[in-house]
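**Q** One structure coming up, written as structure tokens, with questions to follow.
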Amino acid sequence: MATPEKKKTAVKKPVATKNATAVKKIASAKKEAAKKQQEEMLYDLADLFKVFGDSTRIRILYALMGGPLCVSDLASELEMNQSAVSHQLKILKQNKLVKNNREGKSILYELADEHVKDILEIGQEHIEEL
């Protein structure tokens, strides 16, 4: 003889449990988003430090610490050709380490802000401590 099937009834969760689950999901999503944002920031920071990994770019930045210069003056001061200096300036500008301003026919390059100078000075202090 077959036994009659019991009717399954869904167990309803209390509203407080539903809310707690929703809060946990939101907190988890926020935590994951913060982790992803931090990872992106670390990659951006690594890319920034890669720019500082080239001695020519460091020499250009140090030259610009003295004030704005045009490409020809930079090339002369660094004893490099203008196209090589221009290429490095393009990379520095793309990474927002230098900016340029037109004065008449000349384009003058300068450090983008005080942070760039601070990074160079702190790096130099660190090396001198070694």
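The values are calculated or read from the model by the stated rules, or taken from the named source; none is laboratory data. Treat the numbers as computed from the prediction; the structure is a model and nothing was measured. Backbone-built Cβ (ideal geometry, glycine too); neighbour counts: all protein chains shown.
**Q** Given the conditions (1) surrounded by 14 or more Cβ atoms within 10 Å (Cβ to Cβ); (2) at positive phi, which single one is not true for Gly67?
**A** Result: Gly67 passes all but (1).
**Q** Taking helices (runs of 4 or more DSSP H) that do not extend beyond segment 22-108, which have at least 1 residues that are touching a Lys or Arg at 6+ places or on another chain (Cβ under 8 Å) and aliphatic (A, V, I, L, M)?
**A** Values: elements: 55-64, 71-78, 82-94.
Of the helices (runs of 4 or more DSSP H) lying wholly inside segment 22-108, those with at least 1 residues that are touching a Lys or Arg at 6+ places or on another chain (Cβ under 8 Å) and aliphatic (A, V, I, L, M) span 71-78, 82-94.
**Q** Now a separate question. For Asn95, indicate whether it is over 22 Å from Thr56 (Cβ atoms), in the same structural domain as Asp73 (by TED's automatic domain parsing) and at pLDDT 95 or above. Give the derivation first.
**A** Numbers: over 22 Å from Thr56 (Cβ atoms): no; in the same structural domain as Asp73 (by TED's automatic domain parsing): yes; at pLDDT 95 or above: yes.
No.
**Q** Still on this structure, I have one more. Can you tell me which residues in segment 109-130 are assigned to a helix (DSSP H, G or I) and not charged (D, E, K, R)?
**A** Initial filter on segment 109-130 (assigned to a helix (DSSP H, G or I)): 114-129.
Listed by number, the residues that qualify are His115, Val116, Ile119, Leu120, Ile122, Gly123, Gln124, His126, Ile127.
**Q** Another one. What pairs come up if the first residue lies in segment 110-128 and is within 12 Å of Met65 (Cα to Cα), the second is in a helix (DSSP H, G or I), and their beta carbons are under 7 Å apart, counting only those six or more places apart or on different chains?
**A** Hits for this filter: Glu110/Leu64; Leu111/Leu61; Leu111/Leu64; Leu111/Lys117; Val116/Leu61; Leu120/Leu61; Leu120/Tyr62.
**Q** Can I ask one more? Taking into account only those residues within segment 52-74 that are of a type in the set (Ser, Thr, Tyr) and touching a helix residue (DSSP H, G or I) at 6+ places or on another chain (Cβ under 7 Å), which is nearest to Ile91 (Cα to Cα)?
**A** Here is the first cut: in segment 52-74, the residues of a type in the set (Ser, Thr, Tyr) are 55-56, 62, 72.
Next, only the ones that are touching a helix residue (DSSP H, G or I) at 6+ places or on another chain (Cβ under 7 Å) stay: 56, 62, 72.
Values: Thr56: 11, Tyr62: 15, Ser72: 17 Å.
Among them, the one singled out is Thr56.
**Q** When you scan segment 38-56, do you find a residue that is exposed (fewer than 11 other Cβ atoms within 10 Å of the Cβ) and of a type in the set (S, T, N, Q), even just one?
**A** Checked segment 38-56: at least one residue is exposed (fewer than 11 other Cβ atoms within 10 Å of the Cβ) and of a type in the set (S, T, N, Q).
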